[in-house]
1. Quick check on the exposure proxy: order K122, K129 from fewest to most C-beta atoms within 10 angstrom.
2. Under 5 Å between amide hydrogens, which residues at least 5 positions from H50 or on another chain qualify, with H placed 1.01 Å from N in the peptide plane?
3. T66 to V42: extension gain in nm, 0.36 nm per residue of separation minus the Cα-Cα distance?
4. Mind sorting L168, L123 by how few other Cβ atoms lie within 10 Å of their own Cβ, fewest first?
5. From the phi of every residue in the stretch 106-118, what ³J(HN,Hα) in whole Hz does the Karplus formula 6.51 cos²θ - 1.76 cosθ + 1.60 yield, where θ is phi - 60° and glycine or proline is x?
Amino acid sequence: MKRELLVLAVIAMTLVGMAGAANYMYEKSSVKGVGYRSLEIVISTESGFHGQKLVEKQSGSGNVITSRIELEAERQPSNLDCDWPTGADYPMDYINFTSEQELEYMPVSYQTGTYDQKWVDKLCVQNYKIGAVLTEMYTHAEHLQKTTEIKTRGYNNATQMPCCTGVLEANLNSNVIGVAHIGWISRDPTADNQLKGRHAEYGRSVEDLTGVFSIEKFIQLWGNSTCGSISVDWLPCV
């Protein structure tokens, strides 16, 4: 009987460790070559319309000269997690994302078939804590060279981060032959009854480009101006 209880205790401790490990996500990759590529990354720090969300999709055929991605994320623990105390106050959930790409289009043919797709790279980042969303998208690209750095986070500890509820910051630098779409929206996280439950819009910026362009953008969307006084570590790709 004691042996069975000991085995159950070991299994329980293992499950607790797995639950804790799932709170933190990290990936670093480097890809080079010629052929067809399809990539999808989906990250969510909380379920539903809460927390931080990031979706990255890329596909196309040709020469992958450089493709480096580094991703770090930590989700907001739930009170249902057995390894976290109920009612605890957690200061932050976040996503750090860096992508460095240089892609050239050309058709490729293998025994499994012919791949003839121009490059598509789509990134969408949502910060539900402050009501901010960012989109960076390139389609029909014959050449795409870009560096994207994203950090998005939500603060829940009012004592450590007074007034600042969260931040979404992006540093975009790209050269593209094709179609580019870059935009962001800032909305009130709380629905307004006077607007029949809709969220008031504070700001919007949308830019569409078709042709040959060099693009540089730096975007800051803060929950409050006091966010600027907060020092945040950044882990770039190497």
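None of the figures in this text is laboratory data; all of them are computed from the coordinates on show. Here the structure is a predicted model, which is why all the values come from computation and not from measurement. Cβ placement follows ideal geometry from the backbone for every residue including glycine, while neighbour counts extend to all protein chains displayed.
1. Taking fewest neighbouring Cβ atoms as first place, the list is K122, K129.
2. Here nothing satisfies the definition.
3. 6.5 nm
4. Lowest count first: L123, L168.
5. With coefficients 6.51, -1.76 and 1.60, one gets 6, x, 10, 10, 9, 4, 7, x, 9, 10, 9, 10, 5 Hz.
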